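There's a structure below that I have some questions on.
The values are calculated or read from the model by the stated rules, or taken from the named source; none is laboratory data. Note that the structure is a prediction, hence the values are computed from the model and not measured. In this analysis, Cβ positions are derived from the backbone assuming ideal geometry, glycine residues included, and neighbour counts consider all displayed protein chains.
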Amino acid sequence: MIIGSGLLDFLAGLGMLRFPRRKKLLLFGSILANIGTLATFKYLDFFIGSFQGLLLWAGLESPLRPLGFILPIGISFYTFQSMSYTIDIYRNQLEPTRNILHFFAYLAMFPQLVAGPIIRAKDLLPQLKTTKGTSESQRWQGMQLVVLGYFKKVVIADNLAPIINSAFDSTTAFPSSLYWWLIMVMFAFQIYCDFSGYTDIARGLARWMGYEFSVNFNHPYLASSFRDFWGRWHISLSTWFRDYLYIPLGGSRKGIWRGHLNMWVTMLVSGLWHGAAWPFVLWGGLHGGYLTIERITQWPQRLARIPGGRHLAALFVFTSVVLGWVFFRAQSLEQALEVFSVMLSFRHVEANIIRDMISYKASLLLMIMVFSELYVYLGLQHYFTIRMPVPRLTRPIGIALLIAACVYFRGIGNDFIYFQF
Amino acid sequence: MASSNPKGKTILCVAQNVLRERCLVTVVLAVAMVAIVSWRREIDVRGVNPYKFWENKVTWSQNADMAVIGDSRILQGISPQAMRKMLVDYRVLNFGFFGTGYSPEYLFAGKNLLDPKSKKKIILLGITPHSLTPEAVKSNGWLFRKKQYQKANIIKRRLGCLDQLVSPLKIKESLDLFKIKREDRQYFSENTPAGWSGVIRPVIPDDALRSYKLAFINNRTGTHIVDEIIDATHKWGREGINVYAFRPPTSSEMVELEDSLSGFDEKSFRNRFEGAGGIWIDVNPSQYSTYDGSHLNRYGAEKLSLELARKISRYQQNRQQAINSRNLPANKSSVNHLADTQNSTGTLLQRQF
């Protein structure tokens, strides 16, 4: 699959150089092939299933049956990388490479192949041309990233996972809003640590090879507006959609309402990109709604004018994002709506039952995550960097402690959540 | 002085370069930390290599006279070696797995351990409320080990003993590492070839209670799972297999918790089980103490195994006498007749236990 779609885009890129007048045709062919592959393997059964549901609702029987194709690993990521290559060439933003090995190294660079970050050809191809050895500093930075990534994944995410899984595996939602808020805050940190952990490992491995991948997460839960959140969460995907979907649709240049429409299209497609299921579409739609309200009311700017307003805004954004994650995590639309209604009902049960349902370890890890985010939010890292010079061996000891923590406090092994996309 | 010595200067230079390589320093520090923790936690790895142990358990087939089936309370609580002190010429296997539930597949796999040619086939079921829940059947520990064995690579199988040294720590255990004076810290678990994992651990009386409280939320014992066991007991009886069952002894707090939260009705289960031709063995839990509120340590396990073996041995002898007194050949091929005999004698013999 990857060789097929890669070869097509490699040749399309060279074709655009050779036949500039056929550029549009070649680009159209490349996009059609990429979207077609993605649609067939990832979305065809979803559309067939939805069509079946619609016919069933109308009392008719569907002649179509799901085809049950296996989803190729990393298809959403490498397809987008491959498409951006031909689009950038079409826009004269990139010179096509003649070196097929460089092209496939860009497309299938192993650390990020399965779950991103989505890298751009214009960032990586020049690096591939000028490969050189790595310095001690690069190796050390790479190691810090890899260890931090593993810590986030195996200690934080994998220890939070069993509690969240058991909550969502139950046939009926436990009737306590406090419990579900806790579960969803845990999920917010699980998915963040799971995904940003993978990205850190990918970036660290790349650095060991002498390459630089861009930052994919920048403390998203500290965002003080939804726009800010999308500038901090899965940055490589957000910018991809901005550059290759939102802006080509006209962005916000074609009037207010067209701008809203474009934004909604982008968010819904982004939701669908994450998974071929209606809850993901709803998740995208919910964020589209958040962004629309934010654009119309300009509430973050208004709130920032009052004392403590910025903190209130950050808290509101975090709470809303946590609510949105319900659709992302639920196993069905019915379950998502049930959990959503329990969360917003503010029904309560005895605190000791909740205490029993959430382990000490998970509570401790949650607190670690909250405090580490607050540490950054309050800017304490700058304070300590300036006031307290760090001895040379302090960091290696810290990283060694993280390695030991990965060994002794690891949770039950789980796949990375974003592997499924 | 070192600087005037060229050899010393070279060593110093190499040492400085090595120290400058922070990755290397970090790896050395991490290895040292792991080694210190492994040493401080005093795990004594004994017996069969863990991967080999599980590999054996999931690949055993048709070579036992007696199979003991159940979850972790069986895995850690029944010693085939101790049983063989009373059941001398029996080949006994412990087919217990962590967190396993009585799925039809698991019951079939347990029965499949018995040698078809054996004249004294016995299945002993350890009935815990959790093993009768849908969640235990779904996240079946036996199936998990089977899949894990299929996935495990050769390195894991050979070096499985190292796995214990780097196995995850509980928070309390990790805090204990820093205590200078430590008492009662003899940890070990000995995996035996017959499938028993004998454990010695410091006693934390309520360690398991918390997780069991959670285990029964939206997960009560299922009637269909009990039905499977009853059907299997009936079927096995007709095949000439003596089926015994008991409730593994555990702490009184755990019994109370399970009885109040799990929906398990021991009396009703026992009646149905005996009605299907099984023999229920009463065990007095007050005679045993657990290390975590749920499981027996190795000494408790040996004591329990002896007690069960003694009762089973007595029953087997009485059964044989009952068969002889009715002039029925012990190896009678008419298994239905034998099952009827088992039914009638079984009910009579309950009183002796």
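Within segment A:80-103, count every residue that is polar (S, T, N, Q) and either touching a strand residue (DSSP E or B) at 6+ places or on another chain (Cβ under 6 Å) or buried (at least 21 other Cβ atoms within 10 Å of the Cβ) (or both).
The initial filter retains those residues of segment A:80-103 that are polar (S, T, N, Q), namely A:81-82, A:84, A:86, A:92-93, A:97, A:99.
Now drop any that are not either touching a strand residue (DSSP E or B) at 6+ places or on another chain (Cβ under 6 Å) or buried (at least 21 other Cβ atoms within 10 Å of the Cβ) (or both), which leaves A:81-82, A:84, A:86, A:97.
Count: 5.
So, one more: Tell me, yes or no, whether segment B:93-104 has at least one residue that is surrounded by 15 or more Cβ atoms within 10 Å (Cβ to Cβ), at pLDDT 75 or above and either farther than 20 Å from B:A245 by Cα or over 20 Å from the mean Cα position of the chain (by Cα) (or both).
no
Condition first: surrounded by fewer than 16 Cβ atoms within 10 Å (Cβ to Cβ) and polar (S, T, N, Q). Now tell me which residues in segment B:261-279 satisfy that.
B:S268, B:N271
Regarding B:L165, is this residue within 14 Å of another protein chain (Cβ to nearest Cβ), modelled with pLDDT under 80 and over 30 Å from A:S166 (Cα atoms)?
Details: within 14 Å of another protein chain (Cβ to nearest Cβ): yes; modelled with pLDDT under 80: yes; over 30 Å from A:S166 (Cα atoms): no.
Against the criterion (within 14 Å of another protein chain (Cβ to nearest Cβ), modelled with pLDDT under 80 and over 30 Å from A:S166 (Cα atoms)), B:L165 does not qualify.
Are any residues in segment A:67-91 under 18 Å from A:L8 (Cα atoms) and aliphatic (A, V, I, L, M), and if so, which ones?
Selection gives A:I75, A:M83, A:I87, A:I89.
Next question, about the same structure. A:Y198: more than 20 Å from B:E135 (Cβ to Cβ), within 14 Å of chain B (Cβ to nearest Cβ) and either within 21 Å of the chain's Cα centre (by Cα) or buried (at least 23 other Cβ atoms within 10 Å of the Cβ) (or both), yes or no?
Working: more than 20 Å from B:E135 (Cβ to Cβ): yes; within 14 Å of chain B (Cβ to nearest Cβ): no; either within 21 Å of the chain's Cα centre (by Cα) or buried (at least 23 other Cβ atoms within 10 Å of the Cβ) (or both): yes.
So A:Y198 fails the test.
Here is a follow-up. From A:Q127, A:Q190, grab the single residue that is of a type in the set (S, T, N, Q) and either touching a strand residue (DSSP E or B) at 6+ places or on another chain (Cβ under 8 Å) or buried (at least 22 other Cβ atoms within 10 Å of the Cβ) (or both). First the steps, then the outcome.
Numbers: A:Q127 fails: either touching a strand residue (DSSP E or B) at 6+ places or on another chain (Cβ under 8 Å) or buried (at least 22 other Cβ atoms within 10 Å of the Cβ) (or both).
When all the criteria are applied, what remains is A:Q190.
Next question, about the same structure. Within the bounds of segment A:60-68, is there any residue that is at pLDDT below 90, out of contact with any Leu (no Cβ under 9 Å at 6 or more places or on another chain) and part of a helix (DSSP H, G or I)?
Scanning segment A:60-68 turns up no residue that is at pLDDT below 90, out of contact with any Leu (no Cβ under 9 Å at 6 or more places or on another chain) and part of a helix (DSSP H, G or I).
Go through segment B:201-223 and give me each residue that's within 11 Å of another protein chain (Cβ to nearest Cβ), of a type in the set (S, T, N, Q) and part of a loop (DSSP other than H, G, I, E, B).
If the condition is that a residue be within 11 Å of another protein chain (Cβ to nearest Cβ), of a type in the set (S, T, N, Q) and part of a loop (DSSP other than H, G, I, E, B), then B:N218, B:N219 are the ones that fit.
A quick yes/no check of all residues on (1) outside any helix (DSSP H, G or I); (2) among the aliphatic types (A, V, I, L, M); (3) at negative phi:
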position: B:S294; (1), (2), (3): yes, no, yes
position: B:A301; (1), (2), (3): no, yes, yes
position: B:L304; (1), (2), (3): no, yes, yes
position: B:R314; (1), (2), (3): no, no, yes
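Separate question: May I ask you to say which residue of B:N63, B:N5, B:N17 is at pLDDT below 90, within 14 Å of chain A (Cβ to nearest Cβ) and loosely packed, with under 13 Cβ neighbours inside 10 Å?
Of B:N63, B:N5, B:N17, the one residue that is at pLDDT below 90, within 14 Å of chain A (Cβ to nearest Cβ) and loosely packed, with under 13 Cβ neighbours inside 10 Å is B:N17.
Could I ask something else about it? Considering only segment A:247-282, state which residues are part of a loop (DSSP other than H, G, I, E, B) and among the charged types (D, E, K, R).
A:R253, A:K254 - these are the residues of segment A:247-282 that are part of a loop (DSSP other than H, G, I, E, B) and among the charged types (D, E, K, R).
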